Structure formats: C-alpha cells, structure tokens
Amino acid sequence: MSRSWPSCPLVSRFGSAAKPCYSSAEPPQRAAVQETFARVNRMSASTLQNQRIAVIGLGSMGFGMATSLKRAGHAVTGCDVSGDAVARFVNDGGMGAKTPSEAAKGADVVVSVVVNAAQTETILFGKDGAAETMPKDSVFISSATMDPDVARRLAKQLEETGRHYLDAPISGGAQRAAQGELTILASGSPAAFAKARPALDAMAAKLYELGDAAGQGAAFKMINQLLAGVHIAAASEAIAFAAKQGLDIRKVYEVITASAGNSWMFENRMPHVLDGDYTPRSAVEIFVKDLGIIQDMARTARFPVPVSAAALQMFLMTSAAGMGRDDDASVARMYAQVTGVKLPGDK
C-alpha cells in the first residue's frame, strides 16, 4: 500500500527552517530529523555571515573543505605549494594566492589544512606567513594533528598579536570534506568560535566544542588516532593471516564485516587490499607521525601504551620497506612480504 506524505520544505521562503511534517501513522526517526533541521538552521544563519576565507593546503582534504566553503557562499582563496592545485581551485571558481601571507590578507578566517605542527608553524610564522597579514580579530583554524602542547604554544603566540586561534583537528576523509560533512574536534576561546562559526558550519556535519583553550581538540584527536592506528594494524594483520591460512579473503571480508570482529577501519581499508589498490587516501607516514606523538605523550605522562607501540612498529616496518607514501592499508602488504603471502595485485 502506498503512503502519501505532506509537502514539507526544509526552509521557508523567509530563510528559517520549517517545522517538520510528520505522518501520525509513521513518524521518521526524530533524532535524525532534528539534527537535519538544526544543521539547516545553522547553515541558513551562516549564509547571512558570508566571510572572506583563506584555505592553505589544497590536498585531498583541503580542496574539499575549500569547495564546501565556496559552495556555502564564502569568498574563498586557496593557497598550496602546488601551483597545479591552486590552478584547479581557480578553475572551479575560487581565487588563488601564491603565499600564505597573500592568501590571509583581509581574510576573516584562515583555515590551515596541512600535515603536521611544523608545517602549521611555517604557514603562520615563517617567511611570507599568514600572521604577517591576518587582520586583527581574525581567526586561524588549525586542522593538523599535533601534540597538544604545541597547539597551546602556537595559540599563545598568535593570540598575543590580537588574532584568534582555533585548535580544530578533522576526521572523515576526502569525500566528507567535499560534502561539507566532516567531524571537527575543536577547542578555543569563545571569541574564536564565534568568528569561525560560519566556516565551521560549512565544513562540518558534526562539530564538537571541547574546551575554551587550544590543546583539548588536539588531545581528543590523538585518542582517535591511537584507536585508528591500532585498528588498521590489526585489520592488516588479520587479512594477511587469513591469506596465509588459504582462505578466500573476499569471503573473509564479507564474514568479518557482519561479525563482532569488525571495525570501521577494517571495513574502510581492507577493500584497498582486496583490490590491490594502494593509492594513498591516508599515507603510512601519517600514522608513523601520529603514533609517534602518542608515544611521546604517554612517556611524558608515565602511561604505558604497549598496544599502540606495537602498531607503530608495524607502520615503521611498512615505511622502511619503501611504502611510506602509499595507502596505510599497505601494512597488509608488509605482512605479506615478510611471510611470503600473495595478496591481490602482487606480481
């Protein structure tokens, strides 16, 4: 029996979110509907606050984030060490700049999408750095995964100049970045959040406000990276061990993803192994860096982390075998090489 639903526009012609229209016989999941309407409300409000935004770092994540910001109506300038990446963004309707200082001139918000703390510091305070030209009261959004102590130091240094710093690591991958559906783990002053709000709403489906000072966002991200790295290493070990047992690893994938042993990383990364495709979505070296930071943090805290330490060794071995710039699922290839196992794509 077919069921008709009442007409229910998400946004009224005046720009405010309409009330959800439910059928009394079959209401939708309220939590999902409420989240959708809340996001529409935020986005509607943000369109009234279009900003000048610089995005520094137009890799797979940064390009998607810049595209989402542009789609939301902001005036976006992209900057990258790769001229080709900047040209691509300009061809897509954005603006381009050759240096961080050029990109940041007159910007309300500067979004940094680089790999680590060293690159973030160079973008801010190095030659032709963004801090040279950022207007007073503008905000720098740092998305790199880094030691929380470094995030606090960079924030202090920038805030002393009259600009704001938002510690805002990201999670979600390139596809979600392009869709404006990232998860952002942010901490910073209320003023930093207020200034960054329109940009954050354009980039994130989930924004976690984790404290009023830089460092908390970075600390939360490191917990995520500990789990992510361990899960990738475990998934790679499992799929290679299955191959060693002579099992059909495609059938193994089917069974495990329907069983209690599944993880998000197993489900997301092991198709790369099944297809023999190690084009980097997230490189091995990322986890060499992040799990290394976790070891440093744990040593300072006198806290044992033996499981993540073992995972770090797996990533280090993979990097040492020449696969550091390949996809992080290459840990499975390292296991295969050490044990003589054949995986899809092996010659």
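The values are calculated or read from the model by the stated rules, or taken from the named source; none is laboratory data. Please read these numbers as outputs of a predicted model, since none were measured by experiment. Because the Cβ atoms are built from the backbone with ideal geometry, glycine has one as well, and the counts that use them run over all protein chains shown.
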Can you confirm whether Lys127 is surrounded by 17 or more Cβ atoms within 10 Å (Cβ to Cβ), among the basic types (Lys, Arg) and more than 19 Å from Arg197 (Cβ to Cβ)?
no
When the residues of region 316-334 are filtered to those that are part of a helix (DSSP H, G or I) and touching a residue at least 40 places away in the same chain (Cβ under 8 Å), which remaining residue is nearest to Met270 (Cα to Cα)?
Ala329
Would it be correct to say that Gly246 is without any contact (Cβ under 8 Å) to a residue 12 or more places away in the chain and either touching a Ser or Thr at 6+ places or on another chain (Cβ under 7 Å) or among the small types (Gly, Ala, Ser) (or both)?
yes
Those residues of region 210-230 which are within 18 Å of Glu159 (Cβ to Cβ) and under 15 Å from the mean Cα position of the chain (by Cα) amount to Gly217, Ala218
Residue check: is Thr67 crowded, with 20+ Cβ neighbours inside 10 Å, modelled with pLDDT of 50 or more and within 30 Å of Lys289 (Cα to Cα)?
yes
Residues of region 46-80 classified as more than 15 Å from the chain's Cα centre (by Cα) and over 20 Å from Lys195 (Cα atoms), total
2
Only one residue in Gln175, Gln245, Gln179 is modelled with pLDDT under 95 and more than 30 Å from Ala301 (Cα to Cα). Which one?
Gln175
Residue under evaluation Ser60, criteria (1) among the small types (Gly, Ala, Ser); (2) within 20 Å of Gly172 (Cα to Cα); (3) buried (at least 19 other Cβ atoms within 10 Å of the Cβ), criterion not met:
(3)
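I need the full set of residues from region 101-152 which are among the acidic types (Asp, Glu), more than 13 Å from Arg163 (Cβ to Cβ) and out of contact with any Ser or Thr (no Cβ under 9 Å at 6 or more places or on another chain), in order please. Can you show your working first?
Let us first name the residues in region 101-152 that are among the acidic types (Asp, Glu), namely 102, 108, 121, 128, 132, 137, 147, 149.
Filter once more, so that each one left must be more than 13 Å from Arg163 (Cβ to Cβ): 102, 121, 128, 147, 149.
Selection gives Glu121, Asp147.
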Please work out if Gly246 is on the phi > 0 side of the Ramachandran plot and more than 17 Å from the chain's Cα centre (by Cα).
yes
What residue, of Asp108, Asp137, Asp149, is surrounded by fewer than 17 Cβ atoms within 10 Å (Cβ to Cβ), within 23 Å of Asp212 (Cβ to Cβ), touching a residue at least 60 places away in the same chain (Cβ under 8 Å) and outside the structural domain of Arg269 (by TED's automatic domain parsing)?
Asp149
Quick check on Asn41: is it more than 22 Å from the chain's Cα centre (by Cα) and either modelled with pLDDT of 95 or more or under 30 Å from Pro148 (Cβ atoms) (or both)?
no
Please specify each residue of region 152-168 satisfying the condition of being touching a residue at least 12 places away in the same chain (Cβ under 8 Å) and more than 22 Å from Lys105 (Cα to Cα).
Arg152
